[in-house]
1. Return the calculated 222 nm mean residue ellipticity for the chain, to the nearest 500 deg cm²/dmol, obtained by summing -39500 (n - 2.57) across DSSP H runs with n ≥ 4 and dividing by the residue count.
2. Ranked highest first by the average count of other Cβ atoms within 10 Å around their residues, in what order do 92-99, 5-12 fall?
3. If the convex hull of the alpha-carbon atoms of the chain is projected onto planes in all directions, what is the mean projected area in square nanometres?
4. Counting only other residues whose beta carbon sits under 15 Å from that of Gly26, what net charge do I get with K and R as +1, D and E as -1?
5. P(r) of segment 1-78 in 5 Å steps, Cα pairs, percent per bin?
6. Can you give me the angle between helix 49-59 and the longest principal axis of the chain, using Cα atoms only, in degrees from 0 to 90, rounded to the nearest 10?
7. Per 10 Å bin from zero, what fraction in whole % of the C-alpha pairs of segment 15-55 is there, up to the bin with the longest pair?
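Derivation of every value follows stated rules applied to the coordinates shown; laboratory data play no part. Remember, predicted model here, so these are calculated numbers, not experimental data. We place every Cβ from the backbone using ideal geometry, glycine too, and count neighbours over all the protein chains shown.
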Amino acid sequence: MEITVLLDRDLDGEDKWFEAGMRETGWDRHLTISFKRFRDFGLPDNTTDQDVWRFVQQQGFLLITNNRNRDGDTSLQATLERENRIDSLPVITVSDKDSLKLSNYRQRVITTLVRIIIDLDYYRGGGRLFAP
């Protein structure tokens with residue numbers, strides 16, 4: 001199984017922690033997850049949350065964000081409330097990005113992410129899911 005996960009702009013540069021968590025948990029031997037950044041797809045850093053959400057839905061990618069609040073009509077939360085459908089891919093939100101530096105925490109994040117990926121159809125339409 002192969003899946004692309006887009007790291008939101010607030011997680012840019014944190015791919016090293018997600019990749020480390022994959023190795024530490026051994027999931028890198030069973031799943032191929034490509035952790036990508038905005039620049040990998042030519043998305044400007046100032047792309048609205050609404051446009052990012054629409055992009056990942058169209059491409060069939062998962063989106064991982066840092067925990068943040070609703071801030072305007074194009075915020076991620078406002079977009080989810082307005083556009084999320086029963087077949088929409090969920091958004092995974094890391095509760096505390098600074099804790100990704102801690103092995104135990106990032107392993108729990110990866111375990112949650114893998115569970116979501118394995119049972120992805122179950123989580124469709126779930127809006128925002130938190131990891132861990």
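1. Numbers: 5 runs with 50 residues, N = 132.
After summing the helix terms and dividing by residue count, I get -11000 deg cm²/dmol.
2. On the way: 92-99: 17.2, 5-12: 19.1.
Ranking the peptides 92-99, 5-12 by packing returns 5-12, 92-99.
3. Working: hull surface 28.9 nm².
With the hull built on Cα positions only, its mean projection is 7.2 nm².
4. Numbers: positive: Arg23, Arg29, Arg106, Arg108, Arg115; negative: Glu19, Glu24, Asp28.
Its environment carries a net charge of +2.
5. With a bin width of 5 Å, the distribution comes to 3, 14, 25, 24, 17, 10, 5, 1, 0.
6. 60
7. Distribution as computed: 25, 37, 30, 8 percent.
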